[in-house]
1. Pick out the one residue from Arg190, Arg198, Arg135 that is closer than 30 Å to Val117 by Cα and surrounded by fewer than 17 Cβ atoms within 10 Å (Cβ to Cβ).
2. Which of the residues belonging to the range 221-250 are over 29 Å from Tyr193 (Cβ atoms) and either in contact (Cβ under 8 Å) with a residue 60 or more places away in the chain or within 17 Å of the chain's Cα centre (by Cα) (or both)?
3. Taking the range 150-171, which residues are more than 18 Å from Tyr193 (Cβ to Cβ) and in contact (Cβ under 8 Å) with a residue 24 or more places away in the chain?
4. Residues to consider are Ser217, Ser211; find the one that is touching a residue at least 40 places away in the same chain (Cβ under 8 Å) and more than 25 Å from Gly121 (Cβ to Cβ).
5. Restricting attention to the range 1-39, which residues are over 20 Å from Lys71 (Cα atoms) and either assigned to a helix (DSSP H, G or I) or hydroxyl-bearing (Ser, Thr, Tyr) (or both)?
6. Quick check on Ala42: is it assigned to a helix (DSSP H, G or I) and more than 18 Å from Ala84 (Cα to Cα)?
7. Testing Met23 on (1) under 14 Å from the mean Cα position of the chain (by Cα); (2) open to solvent by 60 Å² or more (accessible area, probe 1.4 Å); (3) closer than 17 Å to Val117 by Cα, one condition comes back false. Which one is that?
8. Which residue out of Arg87, Arg113 is in a loop (DSSP other than H, G, I, E, B), within 19 Å of Ile44 (Cα to Cα) and at pLDDT below 90?
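The values are calculated or read from the model by the stated rules, or taken from the named source; none is laboratory data. Remember, it's a predicted structure, so these values are computed and weren't measured experimentally. We place every Cβ from the backbone using ideal geometry, glycine too, and count neighbours over all the protein chains shown. Accessible surface areas use protein heavy atoms only, side chains included; no ligands, DNA or RNA. Shrake-Rupley method; radii C 1.70, N 1.55, O 1.52, S 1.80 Å.
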Amino acid sequence: DLFPLGWPRGILFFGPPGCGKTMLAAAVANEIDAAFFDVDAATIMSKWLGESEKNVAALFSEARRYSENGKPAIIFIDEIDSIAGIRSQEVGGEVRVRNQLLKEMDGIFEKGRYSYVYIIGATNKPWDLDEPFIRRFQKRIYIPPPDYNGRLALLKKSTRNLILEDDVDLVKIAKSTEGYTFHDLTELVREAYAIVVREFFESGKVDDPKSYPRAVSMKDFMDALSRRKPSVNSTTISRYQKWFEEYRAI
């Protein structure tokens with residue numbers, strides 16, 4: 001009743017890879033108890049004439065079926081730039097799929113209809129999106145690399161099942177990993193633990209059922225940090241921020 005003009009049903013998550021865009025979409029679906037359709041270009045595209053457009057139509061038809069029964073439906077399209085990106089040369093199949101996707105999106109965005117179908121697109125390259133698609137995502141949300149609090153929370157979560165030495169300072173590690181993505185941090189913890197496991201194998205005690213790997217020390221984390229740098233550089237981050245300022249819609 002409070003939204004006579006409807007509400008935003010197209011949301012774009014963009015940002016560096018490894019920052020949790022897919023996980024956020026799944027979390028949204030879980031929070032509102034929605035049917036979750038996870039698709040990408042490989043799921044939709046087909047080499048057979050007309051099959052790709054049918055796949056798009058069938059996807060939205062199924063989502064609408066849930067909506068008509070009062071259950072929200074979220075269509076999550078990963079790497080949407082591979083479908084909705086700017087193309088200098090297109091073959092007929094690609095044109096038809098893009099047109100079908102635009103038609104379906106316009107159908108659920110129609111004013112006066114209270115549809116519970118939502119589209120969440122995710123991309124690492126928002127600057128490659130074609131403008132007709134950008135317009136149809138009423139909310140465009142930048143998912144950046146985690147800040148200090150986010151890094152510290154993830155380090156605590158990633159190490160909760162590990163035995164740590166008393167000298168391990170997760171606060172210091174979180175401060176030392178500015179620019180690291182969530183994926184980078186997970187791999188950092190994995191690398192630190194791999195040092196311990198490698199040492200355990202080399203000790204020759206691996207066949208002894210009473211022997212266990214030692215606790216992970218701060219030195220292991222420092223060694224892992226020296227080997228693993230952020231997967232996203234500052235130039236790329238600046239490019240995301242510039243695009244966000246140009247197409248801001250939050």
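1. Arg135
2. Listed by number, the residues that qualify are Arg239, Tyr240, Gln241, Trp243, Phe244, Tyr247, Arg248, Ala249, Ile250.
3. Answer for the range 150-171, where residues must be more than 18 Å from Tyr193 (Cβ to Cβ) and in contact (Cβ under 8 Å) with a residue 24 or more places away in the chain: just Gly150.
4. Ser217
5. Scanning the range 1-39 gives Lys21, Thr22, Met23.
6. No, not satisfied.
7. Result: Met23 fails condition (3) only.
8. Matching residue, one of Arg87, Arg113: Arg87.
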